[in-house]
Structures are given as structure tokens and as C-alpha cells.
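Asker: Would you mind keeping the following structure in view while I ask a few things?
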Amino acid sequence: MIRVTDDIALDESEIIESFVRSSGPGGQNVNKVATAVQLRFNARRSPSLTGPVRVRLEKLAGARLTREGVVVIAADRFRTQERNRADALERLLALIRRAAVEPKPRRPTKPTKASKERRLKGKSERGEVKRLRRNLLADE
């Protein structure tokens, strides 16, 4: 079990890792060794996630989410497979942790009377500046 938060723990079997050849630095090693990691996590079918967390995770995943509800994280930042595996897993856990935090509901507010008055005063001052800039000869 992989502990994500106090309430959420993922089973290792829910995470599927596949290894592909990485681009970037590494010389001929890049052509021979599959160091990049593609981590897949089926968010829709995961028994570890509650409904609201699942919905927020799917929204946060954005383009990393497939039509089937699978979150795909690709990691090829490092030259070794192990570091890329750890990087991909940490990025998935960070995404789930962000989804686990319930957003505070927005409380609608209204502008204060003083702020409305300041806005109108600023507008009238600006209008006065523009009025004074007018070409007086053109008005005649």
C-alpha cells in the first residue's frame, strides 16, 4: 500500500508502469535502454478514491487523462529508470493530494460604497483631464 494522505492509500496493483526509450541527453545509451517511465492509474475504477476526490482528480489531470479515465504520467527527466519511476510516482501522488483537498466555497461579495465612490471620482477626474486637453480652437 502506498500512503497518499491520512485517508487515501493506493494498492500497488492499481499503478501500471511501462518503460519506453527516452529522448534527450545520454548519447548512444538513449538508443539502447528504455529509461523513460509511463505510469498509468485508472482513476475511474480505483476503489481507493472517493467520488468527490475522483472528480477533482479528473479535472486536475486535464490532458493527462484518457477517455477511459486513466491518468497517464510520463517521466523522462532523469537518465536512470529508477529515478524516473520515483519521479512519476511522486507526481501522481502530488496530483492526488491536490485533488484530496476540498476547495473553499467562494462567498460572493459586493463592492463597498466607498470603493464605488472612489471609482466614480477617478472616472470623473480622468474625464476632466481629457476635457482640458481638447483643442480649444477646434471647438470654435
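Every read-out reported here was derived from the displayed coordinates using simple, explicitly stated rules and does not represent laboratory data. Predicted, not measured: the structure shown is a model, and the values here were computed from it. Using ideal geometry, Cβ is built from the backbone for each residue, glycine included, and neighbour counts are taken over all protein chains shown.
Asker: Assuming R0 = 25 Å, can you tell me the calculated FRET efficiency for the pair ARG107 and THR50, based on Cβ-Cβ distance, to the nearest 0.05?
Answerer: Working: r = 25 Å, r/R0 = 1.00.
About 0.50, to the nearest 0.05.
Asker: When we measure straight from the Cα of LYS130, which lysines land under 22 angstrom away, once same-chain ones fewer than 8 places off are left out?
Answerer: LYS116, LYS121
Asker: Given 0.36 nm per residue, what is the gain on full extension from LEU132 to ALA114 after removing their alpha carbon distance, in nm?
Answerer: Details: separation 18, 0.36 × 18 = 6.48 nm, distance 2.69 nm.
Stretched out fully, the LEU132 to ALA114 stretch lengthens by 3.8 nm.
Asker: Near LEU39, within a Cβ-to-Cβ distance under 9 Å, what is the net charge of the other residues, with Lys and Arg +1 and Asp and Glu -1?
Answerer: Working: positive: ARG40, ARG85, ARG91; negative: GLU17.
Charge balance near LEU39 sits at +2.
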